[in-house]
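The values are calculated or read from the model by the stated rules, or taken from the named source; none is laboratory data. Since the model is a prediction, treat every value here as computed from it, not as a measurement. All Cβ positions, even for glycine, are placed from backbone atoms using ideal geometry, and neighbour counts span all protein chains on display.
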Amino acid sequence: MTSSTPFRRFAFAFGTTFGVFYVVALAKDLALFSVFPSLGVVLAGTHHSRDVADPAMGFLAPAMYWYGWVATAALGALMVGLVAASPPGRSVRYVWPGWVWAIPALSMIACIYLTLPWFRL
C-alpha cells in the first residue's frame, strides 16, 4: 500500500500543504477549537479572553490554540491530499518535485517569523 502511486501523491501533497495551512491558521488565528486545560474545557473556534476590566485575568484560565491550529491545517491538507491522489499519473508529471521540500522550509521560516513577538517580552 505505501508504495502505490496514489498513496505517494497523497503523502507528498499532505505533507507539503500542511505547512502552508498551518502558517495561514497561525497568522489569521484560525483555530478549529480552543482548549482551556486548567478548566478542562474545549470550545469550538478561537476564543480569546474578553475581560475588559482586567485583561490580565487571562492567565488564570489560559487558552491553548495550538491543537486547533494543527487540526485546521490537517483538515485542509487532508482535502488537498485526497484531491492530489485522485487524478491519473500523467497530470502530475508537470509539478516540480522541489516544491515538496521548498514549501515546508519556507513554512518553517514563516512560523519562526510569526512567533518572534512572543519572545520579545
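Numerical summary
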{"read-out": "Where a residue in segment 27-41 is on the phi > 0 side of the Ramachandran plot and its partner, wherever it lies, is surrounded by fewer than 17 Cβ atoms within 10 Å (Cβ to Cβ), with Cβ under 9 Å and at least six apart", "value": "D29/H48"}
{"read-out": "Residue match in segment 43-50 (condition: in contact with a helix residue (DSSP H, G or I) (Cβ under 8 Å, 6 or more places away or on another chain), of a type in the set (A, V, I, L, M, F, W, C) and either exposed (fewer than 13 other Cβ atoms within 10 Å of the Cβ) or more than 17 Å from A63 (Cα to Cα) (or both))", "value": "no"}
{"read-out": "Residues of segment 34-57 satisfying the condition of being in contact with a Ser or Thr (Cβ under 9 Å, 6 or more places away or on another chain) and modelled with pLDDT of 80 or more", "value": "S34, V41, V42, L43, A44, G45, T46, H47"}
{"read-out": "Flag for L60 being aliphatic (A, V, I, L, M) and modelled with pLDDT of 80 or more", "value": "no"}
{"read-out": "Residues within segment 63-97 that are outside any helix (DSSP H, G or I) and at pLDDT 70 or above, tallied", "value": "6"}
